[in-house]
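For reference, the structure discussed in these notes is given below.
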């Protein structure tokens, strides 16, 4: 009980203070006048009669104390009475007992009136809205008509894909311009910032949701501008090697040397290491062969160089090269390289012919690597058995044992693949690559 009494003591001053804030302040006169009370009541009734929502409020005044009874449409309207009545001269205190009405008809009548007023405003506003809509449609149609033209977009853009992007940007600009003009006619340009803000938030959310698609789209734009390869170029991307068929707005299409289609997303292509084997006409092939461990390595190098330089498809510049790769248990491995013009020579066939003729030169000179011989030792160290096969002796080369001269190693196989790529490109597909495009 003591706790309850203490809480009441604490809350009572707060309630009095809140109530006193709505009460009139000032000095109270000593004289009590019924004439003044009647004048105060008349003045308050006149004020409330001029305002809407106080038709059911009654006013009585006694000794400067104003008593208000009745009902209003809502609580805020009832609370406004204290502010209005407190401003009347001579009011000492206010007893506001006005409540919020629950009458359905009284609550609906203002809403119906508001709807009717808004309907009338819409009807009066309709001609201006039709003018604004007509101008918006006219501006948008003009922008679409300009964007539909081939020139100057195809002249300004490096390819059709970028030209379409220019057209989309132009359409969007005309839509925004038409929207600004329409809102300005309606005197509602303040809505434009809200519309653009909402569009930005929605665009950001969609961008996060389709991040991979947006990344691939941007990569397609960059690849179409940079043109890192051309049709029929032999490239390696992410470990996949083949000839380029086309670059679309979504992926790069390759034709592998097995005749398979390889589709690589442009986002992967843009971020990957691209090896373009067709960029330079000169291309080097390498291989390794072994010679006997007791062979004269200088003689082997000279023999290899003479053989490589004697091949008709090996270029004189850059020069061929020979080096000692490693010394192993049963032979010495030598590395060899030569350069060809890959536009006229197949690198696969050139490498094959070079291996065949260099190996034949080693065998003829008797310095080719021989199979190793093995011995088996028992626990006591005695020889239990051994490979008694003697190393193959080199016989003098007769006319029937001489190696065939270098075979034709033209680029027929590569040309056949190029023909397949041309057939693929002849089909009706969008392509962002250009034959005469500048490459980075």
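Among 123-129, 351-357, how do they line up by average Cβ neighbours within 10 Å per residue, starting with the highest?
351-357, 123-129
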*In nanometres, what is the gap between the two model label sites at residue 286 and residue 226, each 7 Å from Cα along Cα-to-Cβ?*
2.6
_Multiplying the sequence separation of residue 214 and residue 69 by 0.36 nm and subtracting their Cα-Cα distance, what value in nm do you get?_
45.5 nm
*Taking R0 as 45 Å, what's the FRET efficiency between residue 84 and residue 206 from their Cβ-Cβ distance, rounded to 0.05?*
0.25
_Per residue, how big is the convex hull of the range 109-209 when only Cα atoms are used? Give it in Å³._
136
_How far apart, in nanometres, would the label points at residue 121 and residue 25 be if each is projected 7 angstrom from Cα along the Cα-to-Cβ direction?_
3.8
*In whole angstrom, how far apart do the alpha carbon centroids of the range 202-242 and the range 346-362 sit?*
40
*asked:* Place a point 7 Å from the Cα of residue 50 along the Cα-to-Cβ direction; which residues of the range 59-102 have their backbone N under 19 Å from it?
replied: 59, 80-91
*Which part of the range 226-252 falls in the paramagnetic zone of residue 273, meaning amide N under 13 Å from the point 7 Å along Cα-to-beta-carbon?*
236-240
*Report relative contact order for the range 243-307 in percent, whole number only (criteria: Cα-Cα under 8 Å, sequence separation at least 6).*
16
_Reciprocal mean inverse distance between Cα atoms of the range 19-102 - Kirkwood radius, Å_ = 12.9
_Length-normalised contact order of the range 109-209 in % [C-alpha pairs under 8 Å, at least 6 apart]_ = 31
_Relative packing of 260-271, 216-227, which averages over residues the other C-beta atoms within 10 Å, highest first_ = 216-227, 260-271
*Residue separation times 0.36 nm, minus the C-alpha to C-alpha distance between residue 430 and residue 329: what's the value?*
30.5 nm
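Rule-based calculations on the coordinates, nothing more; no lab input. A quick note: this is a predicted structure, and the numbers were derived from the prediction, not measured. In this analysis, Cβ positions are derived from the backbone assuming ideal geometry, glycine residues included, and neighbour counts consider all displayed protein chains.
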